[in-house]
Amino acid sequence: EKNAANDVGIRVTSIFFQEYEGLSHPSPEHPVQHAFGKKSLEEKLGQCTFQISPGAFFQTNTEGAEKLYDIVVDRIREVTDDPEKTLMFDVCCGTGTIGLTCLKEGVVGRLVGVDISEPAIADAEVNAEKNGYAQDKPSDKKSITRFVASRAENVLADEMKIIPKSTPIVAVVDPARDGLHGTVVKTLRMNEKIQRLVYVSCNPTGTLVRDGGMLCAPPTKRYPGRPFKVTMAQPVDMFPLTSHCEMVMTFDRMSVE
């Protein structure tokens, strides 16, 4: 017979209460009442430690996420000849997991993260400090990390304009199931310093197909700039025993010829 004192089972660490009268899930900023325990969770993923608040997104399968992030790191490493000088745009960055992992692995030297969720960006700033990459001031454009709480379509073009022309840039996008806004696709296409784009998709048969078509199509008035081409696609089984998977798709800029 098991010793009851040693059989702790599943411990409840936090309880939150949220009132919502809508038909779907509330926005990340919708008020949450803390009723018991810790006010945030802490999770170790790879070499990094992350704080997660109730309104922030975090992968539910940590071991699967580590495999997924290893693929992203490898795809970035292939094209960063001078990692220390390379800046990474992490679009839909959540709590900063992908960007901070790339920093910790030494494949980029600076990070700009953008996400619509204010709680997630607050966590990302804490996570940067936890992992040794705190920004000096929110307004400091030269910090190792910079996180912006906004819709990507509203700020991405302006954020790219303030980057020195000599700075090598890579980009990672990890949108929700709705995929990328058309303005974000346009901005990524127009900035031809981005020679590699890594797209992490939770909807590979839906919005990834749509967005991939816009990224790779010939230039138009709506989507100017040299197109990308798909150079690799790697599924990751984040949801065992279901029909769903994540897809890491690599896009490389087509040559002038």
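Figures for the structure shown
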item: Selection count where residues are of a type in the set (S, T, N, Q) and open to solvent by 70 Å² or more (accessible area, probe 1.4 Å), scope region 53-72; result: 1
item: Failed item in (1) at pLDDT 95 or above; (2) part of a loop (DSSP other than H, G, I, E, B); (3) crowded, with 18+ Cβ neighbours inside 10 Å, with R226 passing the rest; result: (3)
item: Which numbered condition N127 fails, given (1) touching a Pro at 6+ places or on another chain (Cβ under 9 Å); (2) over 16 Å from V91 (Cα atoms); result: (1)
item: Scope region 1-21; condition at pLDDT 85 or above and either touching a Ser or Thr at 6+ places or on another chain (Cβ under 7 Å) or among the small types (G, A, S) (or both); matching residues; result: S14
item: The listed residue being within 14 Å of the chain's Cα centre (by Cα) and open to solvent by 40 Å² or more (accessible area, probe 1.4 Å), out of A128, A171, A149, A157; result: A149
item: Close pairs from region 28-41: first at positive phi, partner open to solvent by 90 Å² or more (accessible area, probe 1.4 Å) and in a loop (DSSP other than H, G, I, E, B), Cβ under 7 Å, at least 6 apart; result: G37/V12
item: Considering residues of region 22-52 that are out of contact with any Ser or Thr (no Cβ under 9 Å at 6 or more places or on another chain) and open to solvent by less than 90 Å² (accessible area, probe 1.4 Å) only, the residue nearest to A128 (Cα to Cα); result: T49
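For (1) open to solvent by less than 30 Å² (accessible area, probe 1.4 Å); (2) in contact with a helix residue (DSSP H, G or I) (Cβ under 8 Å, 6 or more places away or on another chain); (3) at pLDDT below 95; (4) not aromatic (F, W, Y), each residue gets a yes or a no:
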{"residue": "V79", "(1), (2), (3), (4)": "no, no, no, yes"}
{"residue": "D90", "(1), (2), (3), (4)": "yes, yes, no, yes"}
{"residue": "G94", "(1), (2), (3), (4)": "yes, yes, yes, yes"}
{"residue": "V107", "(1), (2), (3), (4)": "yes, yes, no, yes"}
{"residue": "S117", "(1), (2), (3), (4)": "yes, no, yes, yes"}
{"residue": "A120", "(1), (2), (3), (4)": "yes, no, yes, yes"}
{"residue": "Q135", "(1), (2), (3), (4)": "no, yes, yes, yes"}
{"residue": "D140", "(1), (2), (3), (4)": "no, no, yes, yes"}
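The values are calculated or read from the model by the stated rules, or taken from the named source; none is laboratory data. These figures come from a predicted structure and were not determined experimentally. No Cβ is skipped: glycine too gets one built from the backbone with ideal geometry, and neighbour counts run over all protein chains shown. With ligands, DNA and RNA removed, areas are computed over all heavy atoms of the protein, side chains included. Shrake-Rupley method; radii C 1.70, N 1.55, O 1.52, S 1.80 Å.
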